[in-house]
Amino acid sequence: MKILFVNRFFYPDESATSRMVTSLAILLVKRGLEVHVVASDMHHDRPQREPAYSMVEGVSVHRVGTTALGRARLARRLIDYWTFHTRAAWRVRALVEPGDVVVAGTDPPMLSVSVMLALWRTRGVLVNWLFDLFPEAAIELGVLGRDRLSTRALLWLRDRSLKRARWNVAPMPRMAEFLAARGVPAHSLTVIRHWSDGNAIAPVEPADNPLRREWGLDDRFVVGYSGNFGRVHEFHTILGAMERLRDRPDITFLFVGAGHRRAWFVDEVRRRGLDNVMMKPLQPRERLAESLSVADVHLVSLLPHLEACSVPSKLYGILAAGRPVLFVGDTDGEVARTIREADCGIAVAIGDVDGLTAAIDRLAAFLPRRRAMSWRARKAFETEFSEMAGADNWHHLLIGLRDGRPHPVAGPETEAPGCANAG
């Protein structure tokens with residue numbers, strides 16, 4: 001039995017799904033499994049092309065050529081998606097043998113459908129790794145009309161691909177419960193939390209952090225944001241707090257990353273005349289610990305109605321770096337609950353500019369509390385969100401498929417709020 005991951009990006013790409021798939025693939029190889037990956041020859045954020053075949057720490061990587069029209073326009077993005085769907089499906093069909101397990105990610109959207117079709121009559125086993133839910137996220141963001149025939153067709157196809165899978169792996173119970181309410185069999189649903197590499201990302205003290213010196217932040221209290229500037233994130237509350245604190249020379253807001261809304265965010269900072277902001281691109285993997293440790297506290301945001309559809313994966317890197325979390329979103333949701341149970345941050349509702357400003361001010365002023373939260377953040381990571389814990393769960397699931405053993409599943413009993421049932 002070989003394991004075949006299908007995801008648009010893989011190492012050396014630095015996007016969130018690439019890091020997750022890369023880390024798991026390498027760890028499974030170290031545990032004696034034969035692992036292959038089908039990915040695009042492109043990168044998420046640069047035009048460099050990768051070779052058609054390579055080995056990455058024992059993982060056989062098969063790359064398919066795709067268009068690279070970019071994300072500026074929807075039509076161009078859809079063409080890029082389509083070329084990956086079709087070429088990846090053919091490559092899967094050529095590689096899979098009876099009993100092989102194919103793990104389909106969710107980048108690009110609807111990948112589970114293409115992989116399901118590629119596995120038709122092959123006796124390959126389909127497992128879906130659900131980083132997010134499409135088309136629900138697009139519906140909630142207004143990109144797709146809820147009642148359109150095309151939207152309902154997408155939902156039917158997606159649901160069919162989940163119902164045909166041996167396992168559907170969600171990153172949180174809320175997503176599993178939502179899918180159960182849509183009719184996905186509960187016995188096919190299981191929860192494996194996302195993670196970060198606790199060896200690659202470890203706390204770096206400010207005095208020992210060369211990146212903090214390079215960026216001239218030695219004497220500042222740094223409020224950081226690291227990762228994707230996506231449609232699922234909320235920035236108006238953050239911008240409001242930045243305006244309230246614009247006359248605090250001791251506080252700097254640091255934004256590291258890329259994404260659809262980055263250009264809008266930069267324009268908004270300029271329009272508001274904010275000079276307490278520093279913008280940096282995504283940092284290479286080898287500097288990730290330094291990059292995440294530059295900030296004294298980190299911002300995470302997520303629109304409340306998308307909590308069942310999407311997980312802010314940046315949270316796990318922040319916990320690994322041992323930094324307190326300032327969450328802007330649903331104060332009764334799963335992200336806020338995680339922070340509250342670990343006592344490693346503060347959650348405020350969207351629109352609560354006063355609350356976010358006060359939280360930043362309190363953490364900037366009270367070092368002992370900040371240090372205690374930092375320690376608890378790393379402790380929570382080591383207990384629940386480490387790379388090894390995730391690999392253990394995945395290894396157990398995959399070996400169970402090989403040996404015919406059951407895997408503990410989430411038992412969805414109620415419909416989760418959020419991510420409206422668009423079917």
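The values are calculated or read from the model by the stated rules, or taken from the named source; none is laboratory data. If you're wondering where the values come from, they're calculated on a predicted model, not measured in any experiment. Every residue, glycine as well, gets a Cβ built from its backbone with ideal geometry; the counts of neighbours run over all protein chains shown. Please note that ligands, DNA and RNA were not included when accessible areas were found on the heavy atoms of the full protein model with its side chains. Shrake-Rupley method; radii C 1.70, N 1.55, O 1.52, S 1.80 Å.
Okay, residues lined up against (1) buried (at least 19 other Cβ atoms within 10 Å of the Cβ); (2) within 30 Å of A200 (Cα to Cα):
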{"site": "K2", "(1), (2)": "no, yes"}
{"site": "D13", "(1), (2)": "yes, yes"}
{"site": "L28", "(1), (2)": "yes, yes"}
{"site": "E34", "(1), (2)": "no, yes"}
{"site": "V56", "(1), (2)": "no, yes"}
{"site": "V64", "(1), (2)": "yes, yes"}
{"site": "H85", "(1), (2)": "yes, no"}
For segment 299-328, enumerate the residues that are under 20 Å from E14 (Cα atoms), among the β-branched types (V, I, T), at pLDDT 90 or above and out of contact with any Leu (no Cβ under 6 Å at 6 or more places or on another chain). I318
Matching entry among R146, R212 (being open to solvent by 40 Å² or more (accessible area, probe 1.4 Å) and either closer than 25 Å to A104 by Cβ or over 17 Å from the mean Cα position of the chain (by Cα) (or both)): R146
Please identify the pairs in which a residue from segment 292-307 that is more than 19 Å from D332 (Cβ to Cβ) has its Cβ atom under 8 Å from the Cβ atom of a residue that is of a type in the set (S, T, N, Q) and not in a helix (DSSP H, G or I), counting only partners at least 6 apart or on another chain. L292/S226; S293/N209; V294/N209; A295/S226; H298/S226
I'm trying to understand the selection: among the residues of segment 246-268, which are more than 24 Å from S15 (Cα to Cα) and buried (at least 20 other Cβ atoms within 10 Å of the Cβ)? T252
Answer yes or no as to whether T17 is hydroxyl-bearing (S, T, Y), in contact (Cβ under 8 Å) with a residue 24 or more places away in the chain and open to solvent by 20 Å² or more (accessible area, probe 1.4 Å). yes
What number of residues within segment 15-72 are out of contact with any helix residue (DSSP H, G or I) (no Cβ under 6 Å at 6 or more places or on another chain), part of a loop (DSSP other than H, G, I, E, B) and basic (K, R)? 2
Considering (1) open to solvent by less than 20 Å² (accessible area, probe 1.4 Å); (2) touching a residue at least 60 places away in the same chain (Cβ under 8 Å); (3) not in a loop (DSSP other than H, G, I, E, B), say which one N168 fails and leave the rest. (2)
Note on segment 206-216: residues in contact (Cβ under 8 Å) with a residue 12 or more places away in the chain and not aromatic (F, W, Y) are P206, N209, P210, L211, R212
